[in-house]
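A short worksheet on the structure shown next.
The values are calculated or read from the model by the stated rules, or taken from the named source; none is laboratory data. Bear in mind the structure is a predicted one, so any value in this text is a computation, not a measurement. Heads up, the Cβs are rebuilt from the backbone with ideal geometry, glycines too, and the neighbour counts pull from every protein chain shown.
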Amino acid sequence: MEEKPLRIWKKAMYYPYRKQIANKWWEEFKKVWHIAGPAIITSVSVFSLDFITAAFVGQLGDVELAAVSEVQNVLLGFVTGIMLGLGSALETLCGQAVGAQEFNMLGIYLQRSWIISMVTALLLTPAYVSASRILMLLHQDPKISDLAGKFAIWTIPEIFASALNYPSEKFLQAQSKVWFMAFSSMLTLAIHVLLNWIFVTKLGMGLVGAAIAGNISFWILTVVKIIYIVCGWFPEAWTGFSYLAFKSLTKFLKLSISSAVMLCLEVWYYTAVILIVGGLKDAAIAIDSISICMNLQVWTLMVALGFSISASVRVSNELGAGNPKAAKFTVGVNVLISAILGIFFAVIILATKNQFPRMFSKEQHVISETSKLAYILALTIFISSIQPVLHGVAIGAGWQFLVAIVNFVCYYGLGLPIGALLGYKFNLGVQGVWSAMLGGSLLQTIILFVIIGRTNWHKEVIKIEYLYKYR
């Protein structure tokens with residue numbers, strides 16, 4: 001009789017604690033989705049711009065499509081990696097400034113990033129002018145290279161748009177103004193479809209028309225953000241152009257370069273894998289199968305990128321606000337949600353391993369080879385669902401240089417060399433190459449988990465407080 005009241009008392013004491021924990025998770029869950037949801041919409045919309053361009057150009061012919069694909073995958077992928085990486089420095093600095101209530105620094109950081117990115121765009125312009133020669137040096141088809149070179153020259157204005165767009169994007173993300181970005185990107189996507197129909201289909205301007213449509217669309221995306229920033233919606237964060245933007249550029253440049261290197265090593269890793277696969281026996285089948293798998297992975301990666309942005313914003317905001325426990329807690333919530341979605345996508349791949357290849361090809365050899373890669377693809381999707389979130393944490397905390405070193409060792413020191421060895425020496429083909437790539441990604445993920453797990457978040461807060469005290 002005495003035990004029953006005791007058990008009831010213990011349960012009563014335990015329930016509020018459980019409810020408190022559940023409420024804490026629920027509140028953070030809502031904060032995460034408030035950022036991640038619109039960020040996913042933005043990522044998908046912006047990624048779809050190139051997809052729409054390729055769809056319209058594909059109606060012109062196979063050579064034209066191949067030319068545009070080479071520019072998008074080789075040249076544009078190279079430039080976007082650099083520009084997006086340079087802009088990522090703002091994720092750290094602006095996010096922490098918001099948390100620390102140092103809103104006056106946001107506009108200064110943005111202007112510094114614009115300056116560095118525009119100078120970089122100018123330096124990268126010769127690569128677009130010499131695109132034909134570069135592609136021929138890479139032993140690409142001369143006819144395709146010639147068309148790609150002409151298309152690349154017409155897309156030069158897009159480089160300068162991206163130099164302004166990505167920093168503006170990070171400025172807005174740091175302040176959780178992500179719904180504006182989502183709506184503006186969806187509007188731009190709709191305009192892009194219309195412009196391609198006008199210039200490519202209706203006016204018959206071919207590749208030049210496609211390039212013009214892309215330039216206009218990307219500049220619309222950029223100008224809308226800039227107008228939103230400078231026209232009074234951010235009275236504390238934007239106080240006008242300032243000479244302070246030219247001060248401390250060296251320190252800012254170091255973080256920008258670290259961010260760019262970290263991201264580029266990630267992006268170029270997948271390009272390098274395709275180049276290795278291109279030298280295998282039956283290369284056409286191998287490239288087709290791995291391209292199908294990577295295509296699917298990219299779409300699932302759009303979801304993970306949303307949580308990467310969420311992790312970056314939440315961690316940087318909480319560290320800047322001096323809340324180490326909250327920063328640590330949001331890491332767990334972001335990783336858990338993204339991991340659950342990764343499992344969901346992986347299960348779908350495994351359940352449809354004999355069906356999804358038929359969506360992309362009618363060739364039985366390609367279908368068979370792609371089906372064999374289903375298990376590796378499922379595991380890759382799961383890992384790549386968690387990996388960007390850890391990158392987001394690193395960006396939010398300002399660990400870009402450290403993660404760049406980890407990426408280089410895991411990807412280029414282990415993943416690619418072992419992949420080439422398994423693919424060529426041991427004749428394991430595309431499965432061997434991708435297994436090694438996956439091994440590099442898995443090792444990198446484990447190392448990042450260890451780094452985050454051993455982090456003293458109180459010290460991270462002290463570093464930021466010191467930064468703003470003695471800036």
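Tell me, which helices (runs of 4 or more DSSP H) lie completely within segment 11-102 with 3 or more residues that are modelled with pLDDT under 85 and farther than 26 Å from Ile309 by Cα? Break it down into steps so the answer makes sense when it comes.
Details: elements: 62-70, 77-87, 89-99.
Counting at least 3 such residues, we get 62-70.
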Considering residues of segment 403-458 that are small (Gly, Ala, Ser) and under 27 Å from Gly322 (Cα atoms) only, the residue surrounded by the most Cβ atoms within 10 Å (Cβ to Cβ): Ala404
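Against the definition (in contact with a Phe, Trp or Tyr (Cβ under 9 Å, 6 or more places away or on another chain) and at pLDDT below 80), how does Asp282 come out, yes or no? Don't jump to the end; show me each part of the working.
Numbers: in contact with a Phe, Trp or Tyr (Cβ under 9 Å, 6 or more places away or on another chain): no; at pLDDT below 80: yes.
It is false that Asp282 is in contact with a Phe, Trp or Tyr (Cβ under 9 Å, 6 or more places away or on another chain) and at pLDDT below 80.
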Out of Leu350, Leu319, Leu336, sole residue that is buried (at least 22 other Cβ atoms within 10 Å of the Cβ) and not charged (D, E, K, R): Leu319
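Residue-by-condition table, conditions (1) of a type in the set (Gly, Ala, Ser); (2) in contact (Cβ under 8 Å) with a residue 60 or more places away in the chain:
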site: Ser312; (1), (2): yes, yes
site: Gly320; (1), (2): yes, yes
site: Ser338; (1), (2): yes, no
site: Lys353; (1), (2): no, no
site: Pro357; (1), (2): no, yes
site: Ser384; (1), (2): yes, yes
site: Gln387; (1), (2): no, yes
site: Gly392; (1), (2): yes, yes
Count of segment 227-267 residues which are more than 29 Å from Gly77 (Cβ to Cβ) and either hydroxyl-bearing (Ser, Thr, Tyr) or in contact with an Asp or Glu (Cβ under 9 Å, 6 or more places away or on another chain) (or both): 4
Helices (runs of 4 or more DSSP H) fully within segment 296-406 counting 1 or more residues that are under 20 Å from the mean Cα position of the chain (by Cα): 324-351, 374-397
Leu124 being part of a helix (DSSP H, G or I), surrounded by fewer than 22 Cβ atoms within 10 Å (Cβ to Cβ), aliphatic (A, V, I, L, M) and without any contact (Cβ under 8 Å) to a residue 40 or more places away in the chain: no
Total residues in segment 394-430, condition in contact (Cβ under 8 Å) with a residue 24 or more places away in the chain, under 14 Å from Ala272 (Cα atoms) and of a type in the set (A, V, I, L, M): 4
Enumeration of residues in segment 196-215 that are surrounded by fewer than 20 Cβ atoms within 10 Å (Cβ to Cβ) and in a helix (DSSP H, G or I): Trp197, Ile198, Thr201, Lys202, Gly206, Val208, Asn215
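Examine segment 146-165 for a residue that is farther than 21 Å from Asn73 by Cα and in contact (Cβ under 8 Å) with a residue 24 or more places away in the chain, and state whether such a residue exists.
The initial filter retains those residues of segment 146-165 that are farther than 21 Å from Asn73 by Cα, namely 164.
Narrowing the set further to residues that are in contact (Cβ under 8 Å) with a residue 24 or more places away in the chain leaves 164.
There is at least one residue in segment 146-165 that is farther than 21 Å from Asn73 by Cα and in contact (Cβ under 8 Å) with a residue 24 or more places away in the chain.
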Qualifying residues in segment 241-253 (those that are assigned to a helix (DSSP H, G or I) and under 12 Å from Leu93 (Cβ atoms)) - the one modelled with the highest pLDDT: Phe252
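Based on what the data block shows, is Trp238 within 30 Å of Leu138 (Cβ to Cβ) and surrounded by 15 or more Cβ atoms within 10 Å (Cβ to Cβ)?
Values: within 30 Å of Leu138 (Cβ to Cβ): no; surrounded by 15 or more Cβ atoms within 10 Å (Cβ to Cβ): yes.
No, not satisfied.
Residue by residue, here is whether (1) aliphatic (A, V, I, L, M); (2) outside the structural domain of Leu76 (by TED's automatic domain parsing); (3) in contact with a Leu (Cβ under 9 Å, 6 or more places away or on another chain); (4) within 24 Å of Ser176 (Cβ to Cβ) holds:
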residue	(1), (2), (3), (4)
Leu195	yes, no, no, no
Phe199	no, no, no, no
Gly204	no, no, no, no
Val208	yes, no, no, no
Asn215	no, no, no, no
Gly232	no, no, no, yes
Glu236	no, no, yes, yes
Ser258	no, yes, yes, no
Val261	yes, yes, no, no
Selection within segment 222-240 - touching a helix residue (DSSP H, G or I) at 6+ places or on another chain (Cβ under 8 Å) and outside any loop (DSSP other than H, G, I, E, B): Thr222, Val224, Lys225, Ile226, Tyr228, Ile229
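Each row is one residue, and each column tells you yes or no for (1) hydrophobic (A, V, I, L, M, F, W, C); (2) loosely packed, with under 15 Cβ neighbours inside 10 Å; (3) assigned to a helix (DSSP H, G or I).
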position	(1), (2), (3)
Gly149	no, no, yes
Ala161	yes, no, yes
Asn165	no, no, yes
Ser176	no, no, no
Ala182	yes, no, yes
Leu194	yes, yes, yes
Ser217	no, no, yes
Ile220	yes, no, yes
